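Structure first, then comments.
The values are calculated or read from the model by the stated rules, or taken from the named source; none is laboratory data. No experiment lies behind these values; they were computed from the predicted model shown. FYI the Cβ positions are ideal-geometry reconstructions off the backbone, even for glycines, and counts take in every protein chain you see. Heavy atoms of the whole protein, side chains included, go into the accessibility calculation; ligands, DNA and RNA do not. Shrake-Rupley method; radii C 1.70, N 1.55, O 1.52, S 1.80 Å.
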Amino acid sequence: MCHGVHLHIKNCGLFQHPLWGILFSHPRDFTPVCTTELGRAAKLVSEFSKRNVKMIALSIDSVQDHLSWSKDINAYNGEQPEEKLPFPIIADANRELAVKLGMLDPDERDKDGMPLTARVVFVFGPDKKLKLSILYPATTGRNFDEILRVVDSLQLTAYKKVATPVDWKPGDSVMVVPTLPDEEAKKLFPKGVFTKDLPSGKKYLRYTPQPE
Ligand code: BEZ
């Protein structure tokens, strides 16, 4: 029998794409910016699951708070105020994980002077290793379009010998990695490799259409 997965992939006899994971923390339940962020995250679950990314949130509040706040988040999204969100929220009420993972923001404290969690984004690959971390202070909400964009880049560059240039978006040309010799690049990228002339005469700006 095939059981559900967390960050593990079970072989169910069917081909499964490798599973990725995203862990994102927020400072506190029942706070304004966090409500907008988790609302947006809930709306983007299908985008993350299209990319085979499992989502999990974290804050230093209790399960009871998470359940009650979930109703507010759903109402903010214009939906039924249910206790359920489409991803779990870790209740790290004693800050155990937040300390271990370096998630605390020394500049934002609760009424007792205890530090709150910053807005951390960790993306894990199928090998369960950290592939990306982004850290925002409590006072700056994240851009979830950017998080999807970096997931697209991480997944593309994990499997192809390319890197994504500044402001890259899915569908744009990508760069051939500098370590790949020209002869191999020609074979690997049949759509062509295009270089830009530079004053140094070095041909290191090598573009190719985004590979499939
Ligand atoms: C907020 O989510 O609005 C927030 C939380 C902690 C500090 C500042 C803002």
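For the structure I just gave you, tell me whether Leu205 is within 27 Å of Pro18 (Cβ to Cβ) and surrounded by 13 or more Cβ atoms within 10 Å (Cβ to Cβ). No; evaluated as a whole, the condition is false for this residue. If you go through region 114-140 and pick out every residue that is farther than 19 Å from Gly39 by Cα, within 16 Å of the ligand (Cβ to nearest atom) and open to solvent by 30 Å² or more (accessible area, probe 1.4 Å), you end up with 2.
Each residue in region 174-187 was checked for being exposed (fewer than 15 other Cβ atoms within 10 Å of the Cβ) and over 28 Å from the mean Cα position of the chain (by Cα), and 6 of them qualify.
Note on region 55-74: residues that are assigned to a strand (DSSP E or B), within 16 Å of the ligand (Cβ to nearest atom) and open to solvent by 10 Å² or more (accessible area, probe 1.4 Å) amount to 0. Can you tell me which residue is farthest from the ligand (Cβ to nearest atom) among those in region 21-39 that are open to solvent by less than 10 Å² (accessible area, probe 1.4 Å) and part of a strand (DSSP E or B)? Top of the filtered list is Gly21. When Asn52, Asn94, Asn77 are checked against the criterion of being of a type outside the set (Lys, Arg) and open to solvent by 50 Å² or more (accessible area, probe 1.4 Å), Asn94 stands alone in meeting it.
Rundown of residues vs (1) under 27 Å from the mean Cα position of the chain (by Cα); (2) among the small types (Gly, Ala, Ser); (3) open to solvent by 80 Å² or more (accessible area, probe 1.4 Å), yes/no style:
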{"position": "Val151", "(1), (2), (3)": "yes, no, no"}
{"position": "Leu156", "(1), (2), (3)": "yes, no, no"}
{"position": "Tyr159", "(1), (2), (3)": "yes, no, yes"}
{"position": "Ala163", "(1), (2), (3)": "yes, yes, no"}
{"position": "Val166", "(1), (2), (3)": "yes, no, yes"}
{"position": "Asp172", "(1), (2), (3)": "yes, no, no"}
{"position": "Phe189", "(1), (2), (3)": "no, no, no"}
{"position": "Phe194", "(1), (2), (3)": "no, no, yes"}
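Does region 191-203 include one or more residues that are modelled with pLDDT under 95, assigned to a loop (DSSP other than H, G, I, E, B) and of a type in the set (A, V, I, L, M)? Looking for residues that are modelled with pLDDT under 95, assigned to a loop (DSSP other than H, G, I, E, B) and of a type in the set (A, V, I, L, M), one finds none in region 191-203, hence no. The lone criterion from (1) out of contact with any helix residue (DSSP H, G or I) (no Cβ under 6 Å at 6 or more places or on another chain); (2) assigned to a loop (DSSP other than H, G, I, E, B) left unmet by Pro81 is number (1). Scanning region 141-179 for residues that are among the charged types (D, E, K, R) and either in a loop (DSSP other than H, G, I, E, B) or within 16 Å of the ligand (Cβ to nearest atom) (or both) returns Arg142, Lys160, Lys161, Asp167, Lys169, Asp172.
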